[in-house]
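The values are calculated or read from the model by the stated rules, or taken from the named source; none is laboratory data. Here the structure is a predicted model, which means the values were calculated and not measured. Cβ: placed from backbone, ideal geometry, glycine included. Neighbour counts: every protein chain shown. Side chains included, ligands, DNA and RNA excluded: accessible areas come from the protein's heavy atoms. Shrake-Rupley method; radii C 1.70, N 1.55, O 1.52, S 1.80 Å.
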Amino acid sequence: AGPETPLVSYNPAPGAPLDSLGETLRLRGRPAEAVPLHQRGIEIRRRRLRPGHPGLGDGLVRLAEAQRDLGNLGEAERSFREALSVSEEALGKDHPDVSRALHGLAGVLSDRGDRKYRTEGWDFLVAGGGVYDHLDFSFTTDQEAGTAVPLPPGTPGGGGPELRKQLQVLKEFIEGFD
């Protein structure tokens with residue numbers, strides 16, 4: 001018998017070697033060096049692949065992860081959103097590869113918002129707490145409806161309409177156990 005032939009041939013997307021190097025640098029704590037490599041990989045994919053190719057989504061996720069690691073949350077959010085759009089269109093919303101973009105986007109949105117308050121609220125509600133009464137600093141004398149967002153730097157807590165919606169989801173989840 002001769003050498004075995006693989007059933008599936010692997011053909012990496014154009015720009016994949018740049019992504020591999022960028023990912024290695026990012027994981028070694030050097031995201032600033034990774035970003036230009038990922039950007040170049042994406043440029044190559046945009047020129048060489050059909051629009052909406054899943055390889056573009058993968059490259060965008062890798063770029064977004066490096067941007068997030070640098071603290072560039074606005075850029076990371078845009079990249080994750082584009083990756084999510086491309087991946088969902090190419091693979092369908094239920095495909096496992098879509099979850100990486102969705103998870104990354106959720107992480108960025110969490111980092112941009114009131115993560116500490118959401119986490120405390122979740123821990124409190126799961127532990128059986130009855131009243132979650134942390135101050136919502138979005139209520140001010142100028143914004144009596146609780147809409148002073150973003151909060152000024154140095155504010156000792158968080159708050160805002162988005163946080164209140166998220167805490168409502170947590171509340172309804174816990175109440176669903178009854």
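Listing for the model above:
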{"quantity": "Candidate set: the range 153-172, residues that are within 21 Å of LEU109 (Cβ to Cβ) and modelled with pLDDT under 70; chosen: the one surrounded by the fewest Cβ atoms within 10 Å (Cβ to Cβ)", "calculated": "PRO153"}
{"quantity": "Helices (runs of 4 or more DSSP H) wholly inside the range 52-128 containing at least 3 residues that are without any contact (Cβ under 8 Å) to a residue 60 or more places away in the chain and among the aromatic types (Phe, Trp, Tyr)", "calculated": "115-126"}
{"quantity": "GLU65 open to solvent by less than 40 Å² (accessible area, probe 1.4 Å), under 18 Å from the mean Cα position of the chain (by Cα) and among the acidic types (Asp, Glu)", "calculated": "yes"}
{"quantity": "Some residue of the range 23-31 being part of a helix (DSSP H, G or I), touching a residue at least 12 places away in the same chain (Cβ under 8 Å) and open to solvent by 50 Å² or more (accessible area, probe 1.4 Å)", "calculated": "no"}
{"quantity": "So VAL108, is it aliphatic (A, V, I, L, M), crowded, with 22+ Cβ neighbours inside 10 Å and modelled with pLDDT under 85", "calculated": "yes"}
